[in-house]
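Novice: Once you've had a glance at the structure underneath, I'll fire off some questions.
The values are calculated or read from the model by the stated rules, or taken from the named source; none is laboratory data. Every value quoted in this text rests on a predicted model; they were computed, and no experiment measured them. Neighbour counts run over all protein chains shown; Cβ positions are idealised from the backbone, glycine included. To get the accessible areas, we keep the full protein, side chains included, count just its heavy atoms, and leave off ligands, DNA and RNA. Shrake-Rupley method; radii C 1.70, N 1.55, O 1.52, S 1.80 Å.
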Amino acid sequence: RRKVQVVFQDPYSSLSPRMTIEEIVGEGLRFHQPELDAISRLARIEQALADVGLSSQQFPGLLARYPHEFSGGQRQRLAIARALIIEPEALVLDEPTSALDVTIQKQVLALLQRLQKERGLSYLLITHDVEVIRAMAHDVMVMKDGEIVEHGSVNAVMQAPAHPYTQRLLAAAA
């Protein structure tokens, strides 16, 4: 579980409203690195938040706040910090921007791209958004009814889709 973490589609429902930001982001450390003392754990939590662009300077009392005190884009950043804190090798991104407005989507995608480069992360991206695929993916698999109907490099599949279902998806997105 430590090697693969998930960032869910809906940042509104994926963060417990009963937990503080410190508890949410630090939760993985309690399970995967229980030997950390409180000071080290707090430092890791603050670093994870800073890595996604959230700080106590920006949000006084950040660690003691609750998810409802943040916007959708900020909540998604919190969810990303929660996933990254245990330093996984891969993230499963389930429609990571679908609940966000277009401007915030671009910011979150840029954040994910930066984190991927800095940390050497692999992403398994689940999305229906062709623009997100173009921005984030290297390879793509198109699924219909639970079966892979086409796969290849993003450029190959997007420029010359072979399967009729892929052709319809791309035509609908144009």
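Novice: How about Lys117: which lysines have a C-alpha closer than 24 Å to its C-alpha, ignoring those fewer than 8 places off in the same chain?
Specialist: Counting by Cα, and skipping residues close in sequence, Lys117 has these lysines nearby: Lys3, Lys106.
Novice: Still on this structure, I have one more. Using DSSP, restrict attention to beta bridges with both residues in the chain and report what percent are antiparallel, rounded to the nearest 5.
Specialist: 40 percent
Novice: Report the full-extension gain for the segment Asp101 to Phe59: residue separation times 0.36 nm, less the Cα-Cα distance, to one decimal in nm.
Specialist: Here the answer is 13.0 nm.
Novice: Another question, then. Counting heavy atoms of the protein chains only and a 1.4 Å probe, report the per residue accessible area for the chain as a whole number of Å².
Specialist: Per residue, the chain has an accessible area of 57 Å².
Novice: What is the calculated FRET efficiency for Ile39 to His128, with r their C-beta to C-beta distance and R₀ = 35 Å, to the nearest 0.05?
Specialist: 0.20
Novice: Related question: Which label belongs to the value computed from this structure, given these candidates for Rg and Dmax of the Cα atoms in Å: [x] 16.2, 48; [y] 17.7, 56; [z] 15.0, 47?
Specialist: [y]
Novice: Quick one: Karplus J couplings for the range 110-126, per residue in order, coefficients 6.51, -1.76, 1.60, θ = phi - 60°, nearest Hz, x for Gly and Pro?
Specialist: 4, 4, 4, 5, 4, 4, 4, 5, 5, 9, x, 6, 9, 10, 10, 9, 10
Novice: Between the DSSP loop rule and a limit of at most 16 other Cβ atoms within 10 Å, which chymotrypsin sites (Phe, Trp or Tyr not before Pro) in the range 1-74 are left?
Specialist: Tyr12
Novice: Fully extended, how many nm does the chain gain between Arg2 and Arg30 (0.36 nm per residue separation, minus their Cα-Cα distance)?
Specialist: Fully extending the segment from Arg2 to Arg30 adds 8.9 nm.
Novice: Now for a separate question. Using a 1.4 Å probe on the protein chains only, how many percent of the accessible area of the range 31-117 belongs to carbon and sulfur?
Specialist: 53 percent
Novice: Another question, then. List the GluC sites (Glu not before Pro) within the range 1-78 that DSSP assigns to loop and that have no more than 13 neighbouring Cβ atoms inside 10 Å.
Specialist: Passing both the DSSP loop test and the Cβ count: Glu35.
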